[in-house]
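Asker: I have a structure I would like to understand better, so I am pasting it below and will then ask my questions one at a time.
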């Protein structure tokens, strides 16, 4: 909950390709002049001008793989012309079959187009040329993860970390993947390494909090959630989880504040209203509790737990047997299984 795993793909120049200027010297120099101009224009966001400069470079020197490669980047990032970008990268590869960066960027275009098989093939080609290509390893690991080929994803992330142990994105990705596969110990080790490198990594602190909470280490979980919201004040689920822990400790006012913050950030968070209702009831703020329970039900009409809590509220706090019974009936209709409630409803029918 609350974790963002993938970023948008951006075609990049990663520095693997090497500019060569073979051929006639004057033509090569003129072509390189337009190439350099195109690179400067692209860096300034002047994509139309950059495309024209690169077209001129290629016109002067048709066998100019770096110009085709940069043109592909301009097409992809600046003009969203993905088919033209793919064609430009393919031409760069045709002219220079060892152009690892062109294979990598062609793979990214294929990913954007939803062509996962082709993307995997191109990434593998890039890595065959340049096995230490960090960006290609990370992209391939993410591709495997999206395809739910978890064994390959894990091994590829591990390969990347063996090359660069401080790769923050790989540490988080592998930690997240291990936790999702039930390997909490391995996940915690990776995430702990990550927060030492980057203490303000909100997602890592949040995931460490969930790991600690599942292990019933509530004090540790509380500290991790607090670090998560300190690093990212609008982290909705970290506020919610922190509120839940504070509620379980009996720290009602701080818990209420966390649930209120959660609802300020996400007004349709039904579970936050439910737990805020519990806190209000414990604080004997009965009108506010009833309103919170009713809002939870309005937002999520099929949430049996909300009807159960509202029924308990009517039964024990408001001493309203009739409304408690009606609410309990709704709870059972939605699949509730509490034996005490079943007995109350059964006896009422008898």
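The values are calculated or read from the model by the stated rules, or taken from the named source; none is laboratory data. Being a predicted model, the structure only gives us computed values, none of them experimental. Neighbour counts are summed over all protein chains in view; Cβ atoms, including those assigned to glycine, are modelled from backbone coordinates with ideal geometry.
Asker: Tell me the residue from 220, 224 that is within 26 Å of the chain's Cα centre (by Cα), in a helix (DSSP H, G or I), within 13 Å of residue 202 (Cβ to Cβ) and free of Cβ contacts under 8 Å to residues at least 24 places away in the same chain, please.
Answerer: Matching residue, one of 220, 224: 224.
Asker: OK, next. Would it be correct to say that residue 336 is assigned to a loop (DSSP other than H, G, I, E, B), under 17 Å from residue 293 (Cβ atoms) and touching a helix residue (DSSP H, G or I) at 6+ places or on another chain (Cβ under 6 Å)?
Answerer: yes
Asker: Starting from segment 79-95, take each residue that is under 13 Å from residue 69 (Cβ atoms) and list its partners that are surrounded by fewer than 17 Cβ atoms within 10 Å (Cβ to Cβ), counting only C-beta distances under 8 angstrom and pairs at least six apart or across chains.
Answerer: Filtered contacts from segment 79-95: 86/113; 95/63.
Asker: Still on this structure: Please state which of the following conditions residue 319 fails to meet, knowing it meets all the rest: (1) touching a helix residue (DSSP H, G or I) at 6+ places or on another chain (Cβ under 7 Å); (2) on the phi > 0 side of the Ramachandran plot.
Answerer: In the conditions (1) touching a helix residue (DSSP H, G or I) at 6+ places or on another chain (Cβ under 7 Å); (2) on the phi > 0 side of the Ramachandran plot, residue 319 misses (1) alone.
Asker: Only one of (1) surrounded by fewer than 17 Cβ atoms within 10 Å (Cβ to Cβ); (2) over 27 Å from the mean Cα position of the chain (by Cα) is not met by residue 151, so which one is it?
Answerer: Every listed condition holds for residue 151 apart from (2).
Asker: In addition: Could we say that residue 267 is in a loop (DSSP other than H, G, I, E, B) and either at pLDDT 95 or above or within 24 Å of residue 225 (Cα to Cα) (or both) here?
Answerer: Yes; evaluated as a whole, the condition is true for this residue.
Asker: Condition check: surrounded by fewer than 16 Cβ atoms within 10 Å (Cβ to Cβ), out of contact with any helix residue (DSSP H, G or I) (no Cβ under 8 Å at 6 or more places or on another chain) and either at pLDDT 95 or above or under 30 Å from residue 188 (Cα atoms) (or both). Does residue 249 satisfy that?
Answerer: no
Asker: With respect to residue 154, is the statement that it is in contact with a helix residue (DSSP H, G or I) (Cβ under 9 Å, 6 or more places away or on another chain), closer than 24 Å to residue 210 by Cβ, part of a helix (DSSP H, G or I) and at pLDDT 95 or above true?
Answerer: Against the criterion (in contact with a helix residue (DSSP H, G or I) (Cβ under 9 Å, 6 or more places away or on another chain), closer than 24 Å to residue 210 by Cβ, part of a helix (DSSP H, G or I) and at pLDDT 95 or above), residue 154 qualifies.
Asker: Related question: Return a yes/no flag: does segment 173-189 have any residue that is touching a residue at least 24 places away in the same chain (Cβ under 8 Å), within 17 Å of the chain's Cα centre (by Cα), under 25 Å from residue 239 (Cβ atoms) and surrounded by fewer than 21 Cβ atoms within 10 Å (Cβ to Cβ).
Answerer: yes
Asker: In the set 200, 234, 166, which member is assigned to a loop (DSSP other than H, G, I, E, B) and either closer than 28 Å to residue 282 by Cα or in contact (Cβ under 8 Å) with a residue 40 or more places away in the chain (or both)?
Answerer: Answer to the selection: 234.
Asker: Those residues that are crowded, with 16+ Cβ neighbours inside 10 Å and farther than 12 Å from residue 105 by Cα, I need them from segment 121-133; list them, please.
Answerer: Passing the criteria: 127, 129, 130, 133.
Asker: I've got another one for you. Please give the number of the condition residue 114 fails out of (1) more than 20 Å from residue 167 (Cβ to Cβ); (2) in a helix (DSSP H, G or I).
Answerer: (2)
Asker: Got a sec? Which helices (runs of 4 or more DSSP H) wholly within segment 1-102 have at least 1 residues that are within 34 Å of the chain's Cα centre (by Cα) and modelled with pLDDT under 95?
Answerer: 25-43
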